[in-house]
Amino acid sequence: MTAPYQAPLPAYLKIILAQCHRYPCLRRLSEFYINSFSQRHPCRLLCLEFSTKTKPQLRNLDLEGLTRMMQSPHEDNEDLLGRVLVVEDLTAEIIELLGSSLEIDPLFFASHLHATRSEKTAQQPDVRLFPSTTKSLKFLS
């Protein structure tokens, strides 16, 4: 008898799970990520683009548009100076895409989820880190 087929874990979820032992606060992120696939909810994405030749442009994006933008960041605008991406209502797909494409520290997403959800229990530890760890982070929450 053969074992049932199980899809391989997404790359960014592997990173999150690998760090859960060192940072227990990532358990909430991993649970959110896994449960988010079964609970589909809309995610709103906006992108504010800055270029050398035009005023800042505001674009609505969907997951497909964000994926294209991550794969070819300068395709539509060779004069691009930078982008501000606004994500409303995170989903596992967005966490996977942004986390793996931009190499975002999972603690960034964990601290965001902690800030937006107020329930705290012994099983769901707060996102608290030692000052020596916080000093080396490349984000501010």
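The values are calculated or read from the model by the stated rules, or taken from the named source; none is laboratory data. Because the structure is predicted, anything quoted here is derived from the model rather than measured. Cβ: placed from backbone, ideal geometry, glycine included. Neighbour counts: every protein chain shown. To get the accessible areas, we keep the full protein, side chains included, count just its heavy atoms, and leave off ligands, DNA and RNA. Shrake-Rupley method; radii C 1.70, N 1.55, O 1.52, S 1.80 Å.
Here are some notes:
- For Ala92, the conditions (1) within 15 Å of the chain's Cα centre (by Cα); (2) over 28 Å from Cys20 (Cβ atoms) all hold with the exception of (2).
- Once segment 69-79 is narrowed to residues that are in contact with a strand residue (DSSP E or B) (Cβ under 9 Å, 6 or more places away or on another chain) and surrounded by fewer than 16 Cβ atoms within 10 Å (Cβ to Cβ), the residue that is nearest to Leu113 (Cα to Cα) is Pro73.
- Only one entry in Leu97, Leu85, Leu90 is in a loop (DSSP other than H, G, I, E, B) and surrounded by 12 or more Cβ atoms within 10 Å (Cβ to Cβ), namely Leu90.
- Scanning segment 36-62 for residues that are out of contact with any helix residue (DSSP H, G or I) (no Cβ under 6 Å at 6 or more places or on another chain), modelled with pLDDT under 90 and open to solvent by less than 80 Å² (accessible area, probe 1.4 Å) gives His41, Ser51, Thr54.
- Remark: pairs (first residue in segment 49-70, closer than 14 Å to Val84 by Cβ; second residue surrounded by 13 or more Cβ atoms within 10 Å (Cβ to Cβ) and of a type in the set (Val, Ile, Thr); Cβ separation under 8 Å; 6+ apart in sequence or on different chains) = Leu66/Ile94.
- Residues in segment 46-76 that are closer than 23 Å to Ile95 by Cβ and part of a loop (DSSP other than H, G, I, E, B): 3 in all.
- Verdict on Ile104 being surrounded by 16 or more Cβ atoms within 10 Å (Cβ to Cβ) and part of a loop (DSSP other than H, G, I, E, B): yes
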